[in-house]
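Report on the following structure.
The values are calculated or read from the model by the stated rules, or taken from the named source; none is laboratory data. A quick note: this is a predicted structure, and the numbers were derived from the prediction, not measured. Reconstructed Cβ throughout: ideal geometry from the backbone, glycine too, with neighbour counts over all protein chains shown.
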Amino acid sequence: MGKMKLTYFGIRGLAENARLLLEDNGVEYEDHRLKDNEWAELKPKMQFGQVPCLEDGDFQLVQSGAIQRYLARKLGKGLYGANDKEAAYIDMCFDGVTDLRQKYATLIYRSGFTDEEKKTFLTETLPAELEKFEKLLKSKDNGSHFLNGSHICLADYALFEILDCVHVLCEKCLDKYPALKAYHARVAERPHLKTYLASDRRKGVKINGNGKQ
């Protein structure tokens, strides 16, 4: 497998799910984080004029969901399930995480990020979403492994990352959801991920482009 290149801004943002997937699976890749003066020149060269962008040889791919699905199919290892039904189930979980991420993004980017807006998100919006994922996780092996059972899948990296984001927003937000809390801690202890999470490429890096978190 040739060395791939992942290009994005110097934040976690929409590229972090792919980074987590690549790191956890021990894939050597170039983690290119754009400098302020690079984007204006690079943007016209990107499909849809956007990042994140994955380059695999001469193949260029944008759209964060497409990147993650491509990597899961390419790497195998059960990341996209063992059959069509498992793949569809993983897609369902992934889309559910995307819905939660959009609600989080609304708070971060489209609200005034006031104390009242954060309170509403943490006491109304987030608990309703976490309850769904607590139930979904426990539907497989009583939540003792991953979303699709014993094998980690592409949706797990997305779920871990949004759980990490909301945990930064409120450290106690997972306390009422024991399966999710244990899951978040368990994924963080996977050897390659543990190393990455403790690295300078992750620690201290802003989650969002506007600095709100």
Original post:
under 22 Å from GLY76 (Cα atoms) and either under 16 Å from the mean Cα position of the chain (by Cα) or not assigned by TED's automatic domain parsing to the domain that holds ILE90 (or both) - does that describe any residue in the stretch 163-180?
Top reply: no
Original post:
Which ones in the stretch 163-213 are part of a helix (DSSP H, G or I), touching a helix residue (DSSP H, G or I) at 6+ places or on another chain (Cβ under 9 Å) and β-branched (Val, Ile, Thr)?
Top reply: VAL166, VAL187, THR195
**OP:** Determine the pairs where a residue that is free of Cβ contacts under 8 Å to residues at least 12 places away in the same chain, located within the stretch 74-92, has a partner that is not hydroxyl-bearing (Ser, Thr, Tyr) with Cβ atoms under 7 Å apart, the partner being 6 or more residues away or on another chain.
**Re:** ALA87/GLY81
**OP:** Within the stretch 159-207, track down each residue that is buried (at least 17 other Cβ atoms within 10 Å of the Cβ) and over 15 Å from LEU20 (Cβ atoms).
**Re:** VAL166, LEU169, CYS173, LEU174, TYR177, ALA179, LEU180, LYS181
Subject >> Only listed residue being in a helix (DSSP H, G or I), closer than 18 Å to GLN213 by Cβ, aliphatic (A, V, I, L, M) and in contact with a helix residue (DSSP H, G or I) (Cβ under 6 Å, 6 or more places away or on another chain), chosen from ALA105, ALA158 >> reply: ALA158
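Residues checked against (1) more than 19 Å from GLU171 (Cβ to Cβ); (2) within 19 Å of the chain's Cα centre (by Cα); (3) surrounded by 13 or more Cβ atoms within 10 Å (Cβ to Cβ):
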| residue | (1), (2), (3) |
| --- | --- |
| ALA88 | yes, yes, no |
| CYS93 | yes, yes, yes |
| VAL97 | yes, yes, yes |
| LEU100 | no, yes, yes |
| LYS103 | yes, yes, yes |
| GLY112 | yes, no, no |
| LYS119 | no, no, no |
| THR123 | no, no, no |
| GLU129 | no, yes, yes |
Original post:
If you scan the stretch 1-27, which residues turn out to be over 13 Å from TYR157 (Cα atoms) and in contact with a strand residue (DSSP E or B) (Cβ under 8 Å, 6 or more places away or on another chain)?
Top reply: GLY2, LYS3, MET4, LYS5, LEU6, THR7, TYR8, PHE9, GLY10, VAL27
**OP:** Output yes when any residue across the stretch 109-122 is touching a residue at least 24 places away in the same chain (Cβ under 8 Å), under 30 Å from VAL27 (Cα atoms) and assigned to a helix (DSSP H, G or I), and no when none is.
**Re:** no
Subject >> Unmet requirement for LYS138, which otherwise passes all of (1) surrounded by 15 or more Cβ atoms within 10 Å (Cβ to Cβ); (2) closer than 30 Å to GLY2 by Cβ >> reply: (2)
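Of all residues in the stretch 48-91, which are in a strand (DSSP E or B) and farther than 19 Å from ALA15 by Cβ?
none
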**OP:** Quick one: count up the residues across the stretch 14-34 that are surrounded by 20 or more Cβ atoms within 10 Å (Cβ to Cβ) and either of a type in the set (Gly, Ala, Ser) or in contact (Cβ under 8 Å) with a residue 60 or more places away in the chain (or both).
**Re:** 9
